[in-house]
Structure formats: C-alpha cells, structure tokens
Amino acid sequence: MTDKKGQPERDDESEAMMSTYVRQLEESRKELTRERGLLHTMLDQAGDGVVAVDVQGRFLHWNRRATEILGMGPSDLPPENWPGHYGLYHSSNKLLNPDELPLVRAMRGETVHGQEIMVRNRGNPDGHWIAVYARPLNIGEHHADGAIALLVDVEENRQQQQLFQLQSSEQNKIGRLALIGQVVDTATHNLSQPLAAIANYTAAAIQLRSTGRLDDRRLDEILSHISRLAERGAQGLEALRALSRRGGRSYGKVDINAVVQAALSLLEESIKAREIKVEQQLTPELPEVTGNSAELQQAVAHLLLNAIEALAARRDEKRRLILTTKRTTDRDGRVRIEVADNGPGISTELYDSLFEPWFTTKPEALGLGLSVARGIAQTHQGDVIMETHEEEGLTRFTIELPATEEKDV
Amino acid sequence: MSSTAQVYIVDDDTDVRDSLTLLLESVGIEVTAYANADSFLQEYRRQPKKPGCMLLDVRMPGLSGIALLEEMQSEAIGIPVIMLTGHGDIPMSVQAMKLGAVDFVTKPFNTQKLLDLVQDVLRNPPNQNRTGKTDLDPHTTHQRWQTLTPREQEVFTYIVSGISNKVIGIDLGISIRTVETHRARIMEKLEARTLVDLVRLSMSFGDSA
C-alpha cells in the first residue's frame, strides 16, 4: 500500500482502515459470541449430558443435562477429587480411582465407549447408573487439548424398557390367545407326523420279528429312522415354544427376515390346508430393528393369519400370499414387512374399524389380530398400514418399524 | 391275506409314506406309494389298477386329498379310500366322507386299528357305486332320527356339515356348553360312537335330515 500524496491524508486513510478492521473484528466477535451462544443452547437442550475439559481438567463446558444427570453442577476441583466430590462409584460400592474416570482416560488420549458408572451424591441419594462415552478433544493439530464426554442416563432407558415390557406382556397375553388355535394346529401336525411314522416303524419291526424276518441290517435301518423321527418331533415343538411364556421378554437387536421366516413356519399347516401359494421376496442384509423378536414374530403371524383367513373366501385355486421385506428409500430408511393377499379385499368404509379390537368380518375369527399387530408395532415405534391395489387385486398390510441406528460419540 | 391285496398310499410326507409302506408290507400287503395325487392319477390313467384300498392324506400341497376324491368320483375310479387326517380336520373329513371315503383315521394313529381297518376293507370291499350311501337299514335309522327333538335335529345338521361347536352356538344363539349337551344326547339317541358314525347316518337319512 503506497501513497504519494503526503502524511495527513495517509493518516486519515489509516484511520479509516483501522476503524474498518475494528468493525470487522467487532462483527467477528459478535458472530463468534452468537455461534457460541447457539452451540451452548443446543448443548443445553441435548438429551444427554455434555462435559468438556481442557488439558488441566478445568471445565470448558457443562450443559444443563449434565447437571440433571449428575445431580450437581461443575466445580473447580482437580480430577483427583472428582470421584469423592461427585460420588462416582463402581457397582461394588467402591469409589472410582481418578485414573479410571472416562474424562481422565480421554485426556490421556483414550476413547471410552459406554463406561457404566454409579452416581450417588446429595442430589442423587439413591444412586443412579449412567453410561459415559468420552474422547480426546483436538482443537489444535498436534496434541490433545482436553477431553469431551457424553453422559447417558441408563436408568431412564432401563425404565423405558420396563414400561415396554409391561405393555408388551399385556399384548402378549391377548395375542397368544388369538394365535393359539393356529399354532397348535401346526405344532400338532409337526408332532403327529413323526409320531405316526415311529408307531408304524415299531409295529413293522414287531411284525417282522414275530415272523423271523428281522435281520440286523433291517433292524439298524428301522432304529435309525426312529431316532431321526424323534429328532424331527423335537423340532416340531419349536412352534409352541414361540408362544410359551418363556418365549423371551428380551429386548435387543432383531433380524427381521428371521422373524418373518419363524412366523411363516408357525402357520405352515394353515397355509397348506388352504392350498395357498406363498411367494417370498425377502431383502437380504436388511438393517436390524430394536425390540422383542417373539412379539414381532407374533405381529407378523397375525398379519399372515389375517391374509390366510381372507384367502379362505376365494373359491378357485389361485390363492396367493406375498411376503416381502424391504427398506424404505427415504432418509429414515424404515424396515417394512409387507403381507399381501389376493383375497376378496376390504371395503374402504370398514377401514376405520379394522384395527379396533374384536372387529371382524369372519365368523370364526376373534377380531384381535390386526389390533394386536398394530399394538406390537406401536410399542416398537412403528405402525401397521393397510393398502389396496385394485389393479393387481391385492390387499396389503404392512408393518413399518424404525431401523436400529449405530450410536456413537 | 391273499397275494392280490394291494394298497395305494398317497401322502406327501416321506416319513409317513415310507413307514406305512414297511408296516403294510410286514403283514404281507403289496403297496404302491405316491408322493402326490397327480402322480397317482397319471399312473392310473395309463393303466387302471386293481381295486384294493387307498390310504389318502387329506392335506397335501398341489392337488389336495379332497380334490383327488372328486377326481376319482368323476373318473369312476372305484378304489375304496381311507382318509388320513390331522387333528381338527373335521370339516374336511366330513366332506371326504360325502365324497365317498369309507372312513378316516386321525394321525398319529393306532397302528393295529389301522391294519384292522385296511384288512377289513380289503376283505369286504364296500359297494362300488361311490355315492357315499352306506348299508345301514334305512328303516331303523329313520326310527332313531324320529327320537331327536327339532332342536337336536337342527344341531345334528350343523355337526355333520363339519361346523364347530362355537359357530353352532353363535348361529343358534346358545352357549357352547348347550351345544355340547345336545351333541352328547344326539350321539346317545342315534347310538353313534364317533363323528364318522354320525356322518354315515346323515347319509342314510338322505332327505329326511
């Protein structure tokens, strides 16, 4: 920047330049403050606690949720005093060693993934489980500038799980009742076929033996058949196990294709008896769903049963049941289980009543299937939807469920 | 047992088919087994078989047991048929009896009973007109029918159509318990021990029921 017109003018220009810089700096500072404010507001409203420290372990950030979860606010104490001050314990009621603290580990450069800690202090006299995710905070390029931690209230998740289990056990009872006739049918068949064959082989062996025609080779053959048939009978009990109380209340990641296959096998007999052609279009590598597999299996079985019963009204032999699993193409990528049939369909006037308990258009049905299926879908944050495709002559019921996302820091 | 005794088994379950074959062969009966109704029909059309007796599974993929009975009726295939049914297949069994099946046994079956039944059918083949009529004395059965109250006659008609107690109750506006009581009285009055007996009787009643 050169100027040949003399000092005073230059000073004026510098003055102007300076004030522009100052204004720009001021703007930037305001901008930074605004952004900082925005960041803090966002962090304050986060569902999980967020705590950040610098290299000395001084708190750079501590959001509102962190205070709620820990039952107290930040202090100036050094890390070695944190376990005693905040009341951070092992499950064995022993105070944590400062070296074991997730933030301290992260300051050393470690990444901590869901370390469970019991918090018990004045704000939390009964004690409270939290899970902590932590990792080093890198602001500069070459070294750790501190650490950040995410505090997750595990207790609340546990309570949600308990609520989930309570709701679902109620549904389970009704749902099991509605399905039991069909499943017993399948289980009875699965058991009676091998039992009949065992009885036949045994009677044949006795007959052959009494007439002196049972040589060792034949005996071996018959015995190996009987042993294999006993095994087949045991497998036949699987259908009943799915309905038993011990069918599992467990809550976890569920493979939807496996659930669909299991539901189908529950109703194998009803399908065969009504001469229904089943077309399966299962998408491989479907994302997992979080929930209870026994219940989801029940929900699918109800939709299948609904389709099977609808198909009974069809007199010709072209009864089709199309079973599809897929992921929606939108951003959420929900998992869909579709059950379509080419039965007589449902009048749109009845659509509103369809999902009500005890509503049925069939003389032998209880009218619980769709309402139970929807109830189960809803406890899994999903729903059941009905669509009619007149051009293809199909009625389709779909269970839509959120896919499980990988949670990370 | 004469050497010409021939039993046809039509059942899609390999284990049941193989074991039944061995059982019947062990008492000297000649067996031909088919995994489905179509393969039996195809072979029969190529070369008609000697009468003997057929053991037919009611539930099969493809052409069902009932459909095969209908086909046999329309093609006048005069083989007496014993249906093999699962538990709770009563409507289907009733339908089968009406299509001319001589009896039905529920799986898993008592092997001795089954053998007795098969040997009985082989020794005394039922008349071949396959109308489903039986040789019960029409006069006696009509007399028994007269002893039923109008309500019992009504319930009887439902039962032999293969309708469940629950649905009979709903239709007639009475409890399942009452249906059960009616059913027991009907069996007693008609001197029937099983549903098969009832179905046979209903066929001999003809138009009166």
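The values are calculated or read from the model by the stated rules, or taken from the named source; none is laboratory data. As the structure is a computational prediction, the values presented were derived from the model and not from experiment. Using ideal geometry, Cβ is built from the backbone for each residue, glycine included, and neighbour counts are taken over all protein chains shown.
Per-structure values
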quantity: Tally of residues being without any contact (Cβ under 8 Å) to a residue 60 or more places away in the chain, surrounded by 22 or more Cβ atoms within 10 Å (Cβ to Cβ) and among the β-branched types (Val, Ile, Thr) across the stretch B:10-28; calculated: 1
quantity: Qualifying residue in the stretch A:283-301 (condition: at pLDDT below 85 and within 14 Å of chain B (Cβ to nearest Cβ)); calculated: no
quantity: Whichever residue in the stretch A:374-389 is more than 19 Å from the chain's Cα centre (by Cα) and at pLDDT below 85 and, among such residues, is surrounded by the most Cβ atoms within 10 Å (Cβ to Cβ); calculated: A:Thr388
quantity: The stretch B:68-78: number of residues that are surrounded by fewer than 22 Cβ atoms within 10 Å (Cβ to Cβ) and closer than 14 Å to B:Ser39 by Cβ; calculated: 1
quantity: Verdict on A:Thr328 being under 20 Å from A:Met386 (Cβ atoms) and surrounded by fewer than 16 Cβ atoms within 10 Å (Cβ to Cβ); calculated: yes
quantity: Cβ-Cβ under 6 Å pairs, at least 6 apart or on other chains, the stretch A:198-225 side within 8 Å of another protein chain (Cβ to nearest Cβ), far side part of a loop (DSSP other than H, G, I, E, B) and crowded, with 20+ Cβ neighbours inside 10 Å; calculated: A:Ala199/B:Pro108
quantity: Helices (runs of 4 or more DSSP H) lying entirely in the stretch A:1-91 (those with 2 or more residues that are at pLDDT 80 or above and under 30 Å from A:Ala106 (Cβ atoms)); calculated: A:64-70, A:82-86
quantity: Unmet criterion (only one of (1) within 20 Å of the chain's Cα centre (by Cα); (2) under 24 Å from A:Asn200 (Cβ atoms); (3) at pLDDT 85 or above; (4) more than 14 Å from every other protein chain (Cβ to nearest Cβ)) for B:Glu75; calculated: (2)
quantity: Those residues of the stretch B:158-180 which are crowded, with 18+ Cβ neighbours inside 10 Å, touching a Leu at 6+ places or on another chain (Cβ under 9 Å) and in a helix (DSSP H, G or I), in sequence order; calculated: B:Tyr158, B:Ile159, B:Val179
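Matching residues to (1) within 14 Å of chain A (Cβ to nearest Cβ); (2) surrounded by fewer than 15 Cβ atoms within 10 Å (Cβ to Cβ); (3) under 25 Å from B:Asn110 (Cα atoms):
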| site | (1), (2), (3) |
| --- | --- |
| B:Arg45 | no, yes, no |
| B:Lys50 | no, yes, no |
| B:Cys53 | no, no, yes |
| B:Leu56 | no, no, yes |
| B:Leu63 | yes, no, no |
| B:Pro80 | no, no, yes |
| B:Pro91 | yes, yes, yes |
